[in-house]
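Enquirer: Would you mind keeping the following structure in view while I ask a few things?
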Amino acid sequence: FLRDRFPGEDEQTATYARVLTSMAPRPVTLRTLDVGGDKPLPYFPIREDNPFLGWRGIRISLDHPDIFKTQLRAMLRAGAATGSTDGLSVLFPMITMVSELDEALELLRQAHAELVEDGVPAHFPKVGVMIEVPAAAYQVELLAKRVDFVSIGSNDLTQYLLAVDRNNDRVAKLYDSLNPAVIGVMQWLVERARRAGKPVSVCGEMAGDPAAALLLIGMGIDSLSMSLGNLLKVKWMIRSVPLSVAQALVADVLGLESAQQIRAAAEEVMIAHGLAGLVRPGQH
């Protein structure tokens with residue numbers, strides 16, 4: 001989408017097919033259009049006083065169902081073209097209400113039905129919902145019943161819980177995903193998604209931070225999505241610290257009162273398991 005215009009259905013199909021082919025036979029999750037806030041498009045200007053609380057993510061898609069359905073059709077066509085019967089998942093971002101998810105699912109069903117009617121051997125994909133705002137967090141059980149998996153967007157969830165714009169230098173020091181409130185909500189989310197029988201993943205900076213990832217593993221997170229630069233560090237941590245230790249750490253930090261205390265506790269465990277090289281300089 002980073003070009004001078006919206007890509008057409010054929011262009012999108014070709015791009016998604018390349019991604020699916022390059023990752024086969026591994027599963028691929030394609031997130032629907034997630035612009036607005038800190039993700040602008042040059043040909044689709046959105047001018048708002050507070051873009052993080054405005055028109056973004058699924059809100060834009062549902063207000064432009066033609067653009068949205070084009071993207072959904074392209075994803076399904078790419079899955080059909082590459083034979084990805086079980087490898088394609090579709091993820092809806094910035095959901096705040098059950099009705100938004102229902103509307104998005106209906107458009108996905110329409111896109112699938114249209115392709116099947118046209119003779120395209122499209123399989124209905126696995127579907128996930130992103131939990132990025134407190135409203136969605138506290139409806140996670142209702143949302144989870146409608147989808148196959150739950151993905152927690154740690155960057156936005158942190159800033160909305162703490163009322164901190166992470167791009168504002170004046171308050172940047174207040175933005176910390178290890179804040180006790182964030183950790184408590186994350187644990188609460190995992191418990192309720194588990195109750196609904198759905199796997200949970202986490203994306204964002206939290207997933208690529210070894211100390212935070214240690215806590216996420218202890219909470220029972222099934223998968224982490226991170227930048228390539230953090231992959232080896234987090235992999236090293238997961239291989240080095242037993243799951244039982246991570247679970248005990250979570251129980252310990254839920255009673256702590258600051259992000260600094262929580263990070264110190266996590267990094268103490270990391271050092272004890274030979275991971276001093278992953279501890280942030282100056283922390284210990």
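No value in this document is a laboratory result; all are computed from the given coordinates. Every value quoted in this text rests on a predicted model; they were computed, and no experiment measured them. Heads up, the Cβs are rebuilt from the backbone with ideal geometry, glycines too, and the neighbour counts pull from every protein chain shown.
Enquirer: Which one of VAL98, VAL250, VAL116 has the biggest mean-square fluctuation once the chain is modelled by GNM with Cα springs under 10 Å?
Expert: VAL116
Enquirer: Binning at 10 Å from 0, report for the chain what percent of all alpha-carbon pair distances ends up in each bin.
Expert: 6, 26, 33, 23, 10, 1, 0
Enquirer: Can you give the longest stretch of the chain with no exposed loop site, where a site means trypsin sites (Lys or Arg not before Pro) in a DSSP loop (not H, G, I, E or B) with at most 13 other C-beta atoms within 10 Å?
Expert: The reported range is 171-284.
Enquirer: Sort out the exposed loop GluC sites (Glu not before Pro) in the chain (DSSP loop, at most 16 other Cβ within 10 Å) and tell me the longest stretch that has none.
Expert: The reported range is 49-256.
Enquirer: Taking only DSSP H segments of four or more residues, each worth -39500 (n - 2.57), what value at 222 nm results for the chain once the sum is divided by all its residues, to the nearest 500 deg cm²/dmol?
Expert: Calculated from helices alone, the mean residue ellipticity at 222 nm is -15500 deg cm²/dmol.
Enquirer: Output wanted: per-residue J couplings in Hz (rounded whole) for the stretch 205-218, from phi through Karplus 6.51 cos²θ - 1.76 cosθ + 1.60, θ = phi - 60°, x for Gly and Pro.
Expert: Listing the rounded values in order: 4, 4, 5, x, 9, x, 5, 5, 4, 4, 5, 4, 4, x Hz.
Enquirer: Quick one: what are the phi-derived ³J(HN,Hα) couplings along the stretch 86-101, Karplus 6.51/-1.76/1.60 with θ = phi - 60°, whole Hz, x for glycine and proline?
Expert: Going residue by residue, I get 10, x, 9, 10, 10, 10, 9, x, 6, 6, 10, 9, 4, 4, 5, 5 Hz, with x marking Gly and Pro.
Enquirer: Give the Rg/Rh ratio for the stretch 201-284, taking Rg as the radius of gyration of the Cα atoms and Rh as the Kirkwood radius, to two decimals.
Expert: Here the Rg-to-Rh quotient is 0.92.
Enquirer: Something else: Using the 2.2 N^0.38 Å rule of thumb for compact globular proteins, work out how the stretch 69-131 stacks up: its C-alpha Rg over that value, please.
Expert: 1.10
Enquirer: What residue among VAL120, VAL147, VAL253 has the largest mean-square fluctuation in a Gaussian network model of the chain, using Cα springs under 10 Å?
Expert: In this elastic network of the chain, the residue with the biggest mean-square fluctuation among VAL120, VAL147, VAL253 is VAL120.
Enquirer: Could you list which residues have their amide H under 5 Å from that of ILE131, counting only those 5 or more apart in sequence or on another chain, with H placed in the peptide plane?
Expert: Residues meeting the criterion, in which the H sits 1.01 Å from N, are SER151, ILE152, GLY153.
Enquirer: While we're on this one: Mind checking Rg over Rh on the stretch 112-241, alpha carbons, Kirkwood formula for Rh?
Expert: Result: Rg/Rh = 1.05.
Enquirer: Follow-up. Residue by residue through the stretch 244-258, what is 3J(HN,Hα) from phi via Karplus (6.51 cos²θ - 1.76 cosθ + 1.60, θ = phi - 60°)? Round to whole Hz and write x for glycine and proline.
Expert: 4, 5, 4, 5, 5, 4, 4, 4, 6, 7, 4, x, 7, 10, 8
Enquirer: What is the set of long-range amide H partners of THR96 at a cut-off below 5 Å, with H atoms built 1.01 Å from backbone N?
Expert: Amide H to amide H, under 5 Å and 5 or more residues apart or across chains, THR96 pairs with nothing.
Enquirer: Which far-off residues, 5 or more places away or on another chain, put their amide H under 5 Å from the one on LEU91, with H placed in the peptide plane?
Expert: LEU30, ARG31, THR32, GLY128
Enquirer: Among the DSSP beta bridges whose two residues both lie in the chain, what percent are antiparallel, rounded to the nearest 5?
Expert: 10 percent
Enquirer: Which net charge results for the neighbourhood of GLY220, defined as the other residues with beta-carbon distances under 13 angstrom from its beta-carbon, given Lys and Arg at +1 and Asp and Glu at -1?
Expert: Charge balance near GLY220 sits at +2.
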